[in-house]
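Participant: After the structure tokens below, expect a handful of questions from me.
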Amino acid sequence: MQVSEIMHEGVVTAQINDSLRRVATLMKKQDIGGLPIYKNERPVGFVTDRDIVVACVASGHSPDDPISLAMSRDIVSVYQNQDVNEAIKIMEQKQISRLLVLDKGDRPVGMLTLRDLALRSDDDHLKAEILNEIKRS
């Protein structure tokens with residue numbers, strides 16, 4: 001099974017100079033837990049809701065500070081035509097719960113999350129493992 005069969009399409013993005021508040025508000029409005037950060041139309045990082053809380057709020061940063069304070073510069077992605085099992089291995093190795101999905105031209109086309117894997121898996125054992133992982137994170 002290919003990543004494109006399980007991922008959810010579309011990618012919400014933010015800009016490197018956006019404030020923590022703006023990105024958090026965007027995440028809330030879109031009901032998402034992470035998104036890529038762009039500068040000059042190129043991805044330069046990735047941020048999760050947890051990154052914002054742990055790296056910035058807990059450290060006393062202002063909600064008006066730039067999102068660059070919270071983002072990771074390590075963007076982990078897969079291609080939409082990759083096998084789902086390869087994506088799962090990447091998530092396990094990197095200890096992450098979401099991947100940016102790219103097309104052949106390296107353009108973002110979607111996201112693949114543990115939740116997507118759990119909801120669409122026919123393997124009950126795998127589904128249980130994924131749901132347990134979601135509960136832990």
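Participant: Just to be sure I understand, how many residues within region 71-94 are of a type in the set (A, V, I, L, M, F, W, C) and under 16 Å from Pro43 (Cβ atoms)?
Facilitator: We begin by selecting, within region 71-94, every residue of a type in the set (A, V, I, L, M, F, W, C); these are 71, 75-76, 78, 84, 87-88, 90-91.
If we keep only those that are under 16 Å from Pro43 (Cβ atoms) too, we end up with 71, 75-76, 78.
Residues in region 71-94 being of a type in the set (A, V, I, L, M, F, W, C) and under 16 Å from Pro43 (Cβ atoms): 4 in total.
Participant: Show the residue pairs that are 6+ apart or on different chains and have beta-carbon atoms under 8 Å apart, the first residue being within region 84-113 and more than 16 Å from Asp74 (Cβ to Cβ), the second being outside any loop (DSSP other than H, G, I, E, B) and acidic (Asp, Glu).
Facilitator: From residues that are more than 16 Å from Asp74 (Cβ to Cβ), the pairs are Val84/Glu5; Val109/Glu9; Gly110/Glu9.
Participant: Of the numbered conditions (1) out of contact with any Ser or Thr (no Cβ under 9 Å at 6 or more places or on another chain); (2) crowded, with 20+ Cβ neighbours inside 10 Å; (3) closer than 15 Å to Thr13 by Cβ, Glu41 fails exactly one; give the number of that condition.
Facilitator: Tallying (1) out of contact with any Ser or Thr (no Cβ under 9 Å at 6 or more places or on another chain); (2) crowded, with 20+ Cβ neighbours inside 10 Å; (3) closer than 15 Å to Thr13 by Cβ, Glu41 fails exactly one: (2).
Participant: Can you tell which of Lys135, Lys127, Lys104 is modelled with pLDDT of 85 or more and charged (D, E, K, R)?
Facilitator: Numbers: Lys135 fails: modelled with pLDDT of 85 or more; Lys127 fails: modelled with pLDDT of 85 or more.
After ruling out the rest, the residue left standing is Lys104.
Participant: Restricting region 23-34 to residues that are free of Cβ contacts under 8 Å to residues at least 40 places away in the same chain and of a type outside the set (Val, Ile, Thr), which is surrounded by the fewest Cβ atoms within 10 Å (Cβ to Cβ)?
Facilitator: Out of the qualifying residues, it is Asp31.
Participant: Continuing with this model, one more query. Filter region 8-22 down to the residues that are hydrophobic (A, V, I, L, M, F, W, C), out of contact with any Asp or Glu (no Cβ under 6 Å at 6 or more places or on another chain) and touching a residue at least 40 places away in the same chain (Cβ under 8 Å), then identify the one that is surrounded by the fewest Cβ atoms within 10 Å (Cβ to Cβ).
Facilitator: Ile16
Participant: What are the residues in region 28-50 that are under 11 Å from the mean Cα position of the chain (by Cα) and either in a strand (DSSP E or B) or within 15 Å of Ser68 (Cβ to Cβ) (or both), if any?
Facilitator: Gly34, Leu35, Pro36, Ile37, Gly45, Phe46, Val47, Thr48
The values are calculated or read from the model by the stated rules, or taken from the named source; none is laboratory data. Keep in mind that this is a model prediction, so the values were computed, not measured. Please note: Cβ atoms are built from the backbone with ideal geometry, for glycine as well, and neighbour counts cover all protein chains shown.
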